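Right, one structure below, let's go through it.
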Amino acid sequence: MAFAFATGLAASLLWRFPVATATALSGLSLATGIAVARALREVGVTEVGLKWPNDVLWRGRKLGGILLESGGKTGAFHVVAGVGLNVALPADEATAIDQPWVDLAEILGANRPSRNQLAARLISAMIEIYMQFQHSGFADLAREWAGFDQMAGRQVRLNLGHTPVIGIARGVDATGALLLETADGRITPYIGGEISLRIEP
């Protein structure tokens, strides 16, 4: 994530899990979203929402995003969690954003925190939630994530490679998988891979 000076905030955190697998960490992106939402509330941003699996929204408009990179050998595992937030984004730099966007300058005006203050709140919230995640996984966080979920109950399109799936978003399960109800009434969990989520008209 790259921003021109002072237009955004990009922060990364390296976290080492002594015993973990990629499957066990499947809900970590969603947990990171909760940390971002908590930090934003602490600096005065209300109406924060999350869009599975990695977008941060405000009143349905994109405020930021999350990117995780992981690696390691059997047993020990590490994750680099990157978070990008729009702070004061010039309109000409927002042309690459493929959906309605917003920044903290619009939301908070002159009351927005400095980038250093925001980064400190963000990293602190991420450390707190990663400690919780390391102890009990995503299951204990699923209820809190549901409170930020902007897609639940809406008709959406999942793009799985060249195979789109249309259905009603029914939240997430204890692993962080998206639950999608299709026209036949079946609810199927989806996680991993190249999956994008769009609201279907």
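Would you confirm whether or not the stretch 90-110 contains a residue that is among the polar types (S, T, N, Q), more than 25 Å from Ile168 (Cα to Cα), surrounded by fewer than 19 Cβ atoms within 10 Å (Cβ to Cβ) and out of contact with any strand residue (DSSP E or B) (no Cβ under 6 Å at 6 or more places or on another chain)? Checked against the condition, which is being among the polar types (S, T, N, Q), more than 25 Å from Ile168 (Cα to Cα), surrounded by fewer than 19 Cβ atoms within 10 Å (Cβ to Cβ) and out of contact with any strand residue (DSSP E or B) (no Cβ under 6 Å at 6 or more places or on another chain), the stretch 90-110 yields at least one hit. Scanning the stretch 182-201 for residues that are at pLDDT 95 or above, out of contact with any Ser or Thr (no Cβ under 9 Å at 6 or more places or on another chain), farther than 16 Å from Arg154 by Cβ and not small (Gly, Ala, Ser) turns up Asp184, Arg186.
Which ones in the stretch 155-175 are basic (Lys, Arg) and under 28 Å from Phe133 (Cα atoms)?
Arg170
Scan the stretch 34-51 for residues that are out of contact with any helix residue (DSSP H, G or I) (no Cβ under 7 Å at 6 or more places or on another chain) and closer than 27 Å to Arg157 by Cβ and the total you get is 2.
Is it fair to say Pro113 is of a type outside the set (A, V, I, L, M), assigned to a loop (DSSP other than H, G, I, E, B) and either over 18 Å from the mean Cα position of the chain (by Cα) or under 22 Å from Thr46 (Cβ atoms) (or both)? It is true that Pro113 is of a type outside the set (A, V, I, L, M), assigned to a loop (DSSP other than H, G, I, E, B) and either over 18 Å from the mean Cα position of the chain (by Cα) or under 22 Å from Thr46 (Cβ atoms) (or both).
Counting just the residues of the stretch 1-57 that are polar (S, T, N, Q) and in a helix (DSSP H, G or I), which one comes out modelled with the highest pLDDT? Residue satisfying both the conditions and the ranking: Thr32.
The values are calculated or read from the model by the stated rules, or taken from the named source; none is laboratory data. These numbers come from a predicted model, not from an experiment. Positions of Cβ are backbone-derived with ideal geometry, glycine not excepted, and every protein chain shown enters the neighbour counts.
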